[in-house]
1. Enumerate the pairs (first residue in segment 1-30 and more than 16 Å from residue 49 (Cβ to Cβ) and touching a residue at least 12 places away in the same chain (Cβ under 8 Å); second residue anywhere and outside any strand (DSSP E or B) and of a type in the set (S, T, N, Q)) with beta-carbon separation below 9 Å, excluding pairs fewer than 6 apart on the same chain, so at least 6 apart or on different chains.
2. Give all pairs with beta carbons closer than 9 Å in which a residue from segment 39-63 that is within 14 Å of residue 17 (Cα to Cα) meets a residue that is at pLDDT below 90 and of a type in the set (Lys, Arg); count only pairs at least 6 apart in sequence or on separate chains.
3. In segment 1-27, what count of residues is obtained for those that are outside any helix (DSSP H, G or I) and loosely packed, with under 11 Cβ neighbours inside 10 Å?
4. Do we find a residue being hydrophobic (A, V, I, L, M, F, W, C), open to solvent by 60 Å² or more (accessible area, probe 1.4 Å) and modelled with pLDDT of 90 or more anywhere in segment 50-62?
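The values are calculated or read from the model by the stated rules, or taken from the named source; none is laboratory data. Model, not experiment: these values are computed from the prediction. Ideal geometry is used to build each Cβ from the backbone, glycine not excepted, and the neighbour counts take in all protein chains shown. Each accessible area value is taken on the protein alone, full model and side chains, heavy atoms only, with ligands, DNA and RNA left out. Shrake-Rupley method; radii C 1.70, N 1.55, O 1.52, S 1.80 Å.
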Amino acid sequence: MTVRLRVSGDPTEIEIMLKVLAVVFDFTGSHRIYPNHGSSGVRVYLTARIPWAGDRDQPRRGDGPR
């Protein structure tokens, strides 16, 4: 399963947020940074994939033995 995301804000805060999100999601794409129109800051468009979402036999992160 993949989703498209747009992250908008201060460039430094976006960099931190992407590191946090990368703990759960696999990202594809260029991570190209665009200036926001009509407001301060920048935006980044991402395609994110949850690594375990498509495979029901694989345990989810954080799931322990049952």
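1. Taking only residues 6 or more apart or on different chains, the pairs are 8/36; 8/39; 9/36; 10/40.
2. 44/32; 45/32
3. Going residue by residue through segment 1-27, those that are outside any helix (DSSP H, G or I) are 1-10, 22-27.
From the residues that got through so far, the ones that are loosely packed, with under 11 Cβ neighbours inside 10 Å too are 1, 4, 6, 23.
Number of matching residues: 4.
4. Going residue by residue through segment 50-62, those that are hydrophobic (A, V, I, L, M, F, W, C) are 50, 52-53.
Retained after the next criterion (residues that are open to solvent by 60 Å² or more (accessible area, probe 1.4 Å)): 52.
After this cut, where a residue has to be modelled with pLDDT of 90 or more as well, the list is none.
No, segment 50-62 contains no residue that is hydrophobic (A, V, I, L, M, F, W, C), open to solvent by 60 Å² or more (accessible area, probe 1.4 Å) and modelled with pLDDT of 90 or more.
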